[in-house]
């Protein structure tokens, strides 16, 4: 009977040894799991930081897109204003040409009148420039002493 007990004891001891090995392995695995949990937490923090960076960049991109839209609107308005100014320039250029033609006609009339005046002068008798033609008598010169005294006017 002692043999079955010894065999049973041997089996129990083998099981205990096996259980101790398994417990040791369990501790190692639990430590590895804890280490992996720490790595996972670190990776999660890194992911969250990267997400925040991405969100900040997206926000900045959205702001830039808004600014781009504003600039595009301003550019479109500037182009529209430029087109309007071009039309006004063409209109003013037409008015300028009309005024230039009017000026040319006036100058032509002046030239015609000047030639008529010259022709009319040619019919006048030549006699030199008399005082009468110049507008009358030559004014008398005052002496220095009369300039100093007040006049009795």
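Values in this text are rule-based calculations from the coordinates and carry no lab data. Every value quoted in this text rests on a predicted model; they were computed, and no experiment measured them. Positions of Cβ are generated from backbone atoms using ideal geometry, with glycine treated the same way; all protein chains shown enter the neighbour counts.
A compact table of results
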read-out: Angstrom value of the Kirkwood radius, inverse mean 1/r, which spans all Cα pairs in the range 7-117; value: 24.1
read-out: Label-point separation, residue 118 to residue 22 (7 Å along Cα→Cβ), nm; value: 13.6
read-out: Pairwise centroid distance, computed over Cα atoms, of the range 22-58 with the range 59-128, Å; value: 77
